[in-house]
Amino acid sequence: MQGKPLPPFADDTWELYDTNTDWSQAHDLAAQMPDKLAELQELFMDEARKYGVLPLDDRRIERFNSDLAGRPTLVHGTSQLLFGGMSRLSENVVINVKNKSHAVTAQVTIPDGGAEGVIVAQGGAFAGWSLHLKDGRPTYSYNLLGLQHFDITTDTTVPAGPHQVRAEFTYDGGGLGKGADVALYLDSTRIGGGRLPATVPLAFSGDETCDLGSDTASPVSDQYTAQTSRFTGTVEWVQIDIADAAEDLDHLITPEQRLSIAMARQ
């Protein structure tokens, strides 16, 4: 339920504490020392102007999503290349895939006898997504806020050798948290697909992360555990593309395209 709007910062009540003697901040001195309070308020505003803190943002849930908040992120552009072995990547250092069409392409090497486990996962038990192999078959799992779980599976087993496993996520548009169609590809051949009636609008998690080759902490999907999530093949790299970049790749990422993404990050 939407809460009441927060009051303007100008109407906030400032408090003043002497932490040298009152480390628990139990005694507000604002009424007793108005001149000192005014001095520190002015100092705060001077420093805020100096370091680009203004304007202050008093929104609530919008600040969870960098796109809505207008907050700069560490990832620029429409593509991000991640390499096998990367793990515990916080949400703000991974390109934002929420509320937009995108594609996740993974280059994997499958040993003789097949492979199992997570190729890439973001989030955890309360929201997130993962691309993994279940019984050797590519599967895209989506966790909608811990309320609904969707597993889009295929009948195709990934054979031994180097392959690209790809999930194309086509967002409905028209607002936040809308549905999406998901298509799965092995190399350049479509092998399955399914439908998500709704998606996560703002944030997957405050403490869960993005991992390649496993799903650390709590698992996104109930098809595996944190212990059984470890990929038994090799994840060479994963590329995430959003918007037009996802549409331009035509289901298969060439070495030249991958190099252009890597060089753009230098």
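Please work out which residue is nearest to residue 55 (Cα to Cα), limiting yourself to the range 1-16 and to residues that are at pLDDT 85 or above and surrounded by 10 or more Cβ atoms within 10 Å (Cβ to Cβ).
Taking the range 1-16 and keeping what is at pLDDT 85 or above, we get 12-16.
Okay, now just the ones that are also surrounded by 10 or more Cβ atoms within 10 Å (Cβ to Cβ), so 12, 14-16.
On the way: 12: 15, 14: 18, 15: 21, 16: 23 Å.
Per the criteria, the residue is 12.
From the list 97, 108, 118, 93, exactly one residue is surrounded by 21 or more Cβ atoms within 10 Å (Cβ to Cβ), over 18 Å from residue 229 (Cα atoms) and either hydrophobic (A, V, I, L, M, F, W, C) or without any contact (Cβ under 8 Å) to a residue 24 or more places away in the chain (or both). Which is it? Reasoning before the result, please.
On the way: 108 fails: over 18 Å from residue 229 (Cα atoms); 118 fails: over 18 Å from residue 229 (Cα atoms); 93 fails: surrounded by 21 or more Cβ atoms within 10 Å (Cβ to Cβ).
Every option except 97 fails the conditions.
Got at least one residue in the range 17-33 being over 25 Å from residue 172 (Cα atoms), touching a residue at least 24 places away in the same chain (Cβ under 8 Å) and surrounded by 10 or more Cβ atoms within 10 Å (Cβ to Cβ)? First the steps, then the outcome.
Narrowing the range 17-33 to residues over 25 Å from residue 172 (Cα atoms): 17-33.
Add one more test, that the residue is touching a residue at least 24 places away in the same chain (Cβ under 8 Å), and what stays is none.
For the range 17-33, residues over 25 Å from residue 172 (Cα atoms), touching a residue at least 24 places away in the same chain (Cβ under 8 Å) and surrounded by 10 or more Cβ atoms within 10 Å (Cβ to Cβ): absent.
Which of the residues spanning the range 217-241 are assigned to a loop (DSSP other than H, G, I, E, B), hydroxyl-bearing (Ser, Thr, Tyr) and surrounded by fewer than 18 Cβ atoms within 10 Å (Cβ to Cβ)?
Just the residues of the range 217-241 that are assigned to a loop (DSSP other than H, G, I, E, B), to begin with: 217-233.
From what's left, hydroxyl-bearing (Ser, Thr, Tyr): 218, 221, 224-225, 228-229, 232.
Residues satisfying the conditions are 218, 225, 228, 232.
Restricting to the range 190-216, what's the tally of residues that are modelled with pLDDT of 95 or more, over 14 Å from the mean Cα position of the chain (by Cα) and either of a type in the set (S, T, N, Q) or assigned to a loop (DSSP other than H, G, I, E, B) (or both)?
So the count comes out to 4.
Quick check: anything in the range 238-252 within 20 Å of the chain's Cα centre (by Cα) and within 22 Å of residue 136 (Cβ to Cβ)?
Looking through the range 238-252, at least one residue is within 20 Å of the chain's Cα centre (by Cα) and within 22 Å of residue 136 (Cβ to Cβ).
I'd like the full set of residues that are without any contact (Cβ under 8 Å) to a residue 40 or more places away in the chain and crowded, with 18+ Cβ neighbours inside 10 Å, limited to the range 181-216.
Passing the criteria: only 183.
The values are calculated or read from the model by the stated rules, or taken from the named source; none is laboratory data. Predicted, not measured: the structure shown is a model, and the values here were computed from it. No Cβ is skipped: glycine too gets one built from the backbone with ideal geometry, and neighbour counts run over all protein chains shown.
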